[in-house]
Amino acid sequence: MATKVAASAAVDFSRVYSSLGLGKETIASLQAFRKRHSEAQRLHAQYSGQPTTVDLARYRSILKNTAIVDEAEKLLKDFKPVTYDVSAHVKAIETFEAKAVEKAKETEAKIDIELKELQATLANIEEARPFEDLTVEDVGAAHPRIVEAVETMMKKGKWTVPGYKEKFGDLNMM
Amino acid sequence: MPQLIPFFFLNQLSFSFIILLALVYIFSKYILPLYTFQRVIRMYITKLSNKN
């Protein structure tokens, strides 16, 4: 539980907004959720700081009708807040949180892998040579399927490529 | 012994056959497939560039 909380607390939201490439709607709803959370926290702090006791002696000294104060005191003493069994809710929230954290970790791993792939692609693009410098070996290395196809063509005794002459012509005199 | 004169060319004959066979093998295995390979790849990249 503690590790989960630590993991949840360690989320760097500015990084989440800027680097994960989330959609506008996602970011907006995330921001709205954070706003709601901070608002709830603020309200909780505000109300928990307020006194919860009633100064009955002061009422007794001010009011002439002390019977009503007695009645109010009795009512106050008898009052018992209705208790709700929140453990089920808490449990559901905990499982939800666990699932969310797990999913987030999964997504993070996935994004890391994606990032690595993208970096590899970027390196590939940066190191790529112009089309004019492309060699037959390069294409063969990129598509081993073509090499296999040519090998089977050789085995079958097929030396010509269909459609080649129509497209590029040849140098035959006859 | 003039009747043996044709046999003096056997050396040349056998070597020319061996060289001929070697040439056929080397060409068919290593050199000529490269041309077909080049043509296949030329067709392939042409098709690729036409697609875009």
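In sequence order, what are the phi-derived ³J(HN,Hα) couplings for segment A:146-155 according to the Karplus relation 6.51 cos²θ - 1.76 cosθ + 1.60 with θ = phi - 60°, rounded to whole Hz, with x for glycine and proline?
After applying 6.51 cos²θ - 1.76 cosθ + 1.60, I find 5, 4, 4, 4, 5, 4, 5, 4, 4, 5 Hz.
What residue among A:Ala28, A:Thr135, A:Val147 has its Cα farthest toward the positive end of the dipole of chain A, where the charges are +1 on Lys, Arg and -1 on Asp, Glu, each on the Cβ?
The one lying farthest along the dipole's positive direction is A:Ala28.
Give me the net charge for the shell around A:Gly169: Cβ to Cβ below 15 angstrom, other residues only, Lys and Arg +1, Asp and Glu -1.
Surrounding charge for A:Gly169 is +2.
Say a paramagnetic label sat at a point 7 Å from the Cα of A:Phe168, along Cα to Cβ; which residues of segment A:132-156 have their backbone N under 20 Å from it?
A:132-155
Say we join alpha carbon atoms closer than 10 Å with springs in a Gaussian network model of chain A; which of A:Phe13, A:Phe96, A:Phe131 then has the biggest fluctuation?
Result for chain A, Cα springs under 10 Å: A:Phe131 fluctuates most.
Assuming 0.36 nm per residue, please report the length gained on full extension of the stretch A:Ala88 to A:Ala104 beyond their Cα-Cα distance.
3.4 nm
In peptide A:147-155, what is the residue-averaged number of other protein chain Cβ atoms found within 10 Å of each Cβ?
3
What are the residues whose amide H is under 5 Å from the amide H of A:His143, where those residues sit 5 or more places off or on another chain and H is modelled from the backbone?
The answer is none.
To the nearest 20 debye, what is the magnitude of the charge dipole of the protein assembly as shown about its Cα centre, counting +1 on the Cβ of each Lys and Arg and -1 on the Cβ of each Asp and Glu?
In debye, rounded to 20, the protein assembly as shown gives about 460.
In square nanometres, what is one fourth of the surface area of the convex hull spanned by the alpha carbons of segment B:5-52?
For the Cα atoms of segment B:5-52, the hull's average projected area reads 3.6 nm².
Rg and Dmax in Å for chain A, alpha carbons only: what are they?
Computed over the Cα atoms of chain A, radius of gyration and Dmax are 36.8, 130 Å.
Given only helices, namely DSSP H runs of n ≥ 4 each adding -39500 (n - 2.57), what is the per-residue ellipticity at 222 nm of chain B, to the nearest 500 deg cm²/dmol?
It comes out at -24000 deg cm²/dmol, rounded to the nearest 500.
Counting only other chains, what is the mean number of Cβ atoms within 10 angstrom of the Cβ of each residue in peptide B:27-39?
4
Along the positive direction of the dipole of segment A:7-120 (beta-carbon charges: Lys, Arg +1; Asp, Glu -1; about the Cα centre), which of A:Ala92, A:Leu63, A:Gln41 reaches farthest?
So the residue we want is A:Leu63.
Per residue of chain A, what 222 nm ellipticity follows from adding -39500 (n - 2.57) for every DSSP H run with n ≥ 4, rounded to the nearest 500?
-23000 deg cm²/dmol
In nm, to one decimal, how far is the A:Thr52 label point from the A:Asp12 one, both placed 7 Å along Cα→Cβ?
If labels sit at A:Thr52 and A:Asp12, their model points lie 4.0 nm apart.
Is segment A:93-153 best put as rounded, prolate or oblate by its Cα gyration tensor, with a ≥ b ≥ c the root eigenvalues, rounded for a/c under 1.5, and otherwise prolate when a/b is larger than b/c, oblate when not?
It comes out oblate by the Cα gyration axes.
Work through the residues other than A:Asn124 whose Cβ is under 14 Å from its Cβ and net out their charges, Lys, Arg +1 and Asp, Glu -1.
Here the charged neighbours net out to -2.
Over what distance in Å are the Cα centres of segment A:46-78 and chain B separated?
112 Å
Calculate, in nm to one decimal, what A:Thr66 and A:Gln31 gain on full extension: separation in residues at 0.36 nm each, minus their alpha carbon distance.
Additional length available on full extension: 7.3 nm.
All of the numbers you see were taken from the coordinates with simple rules; none came from a lab. This one's a predicted model, so the numbers in the text were calculated from it and none came from an experiment. Heads up, the Cβs are rebuilt from the backbone with ideal geometry, glycines too, and the neighbour counts pull from every protein chain shown.
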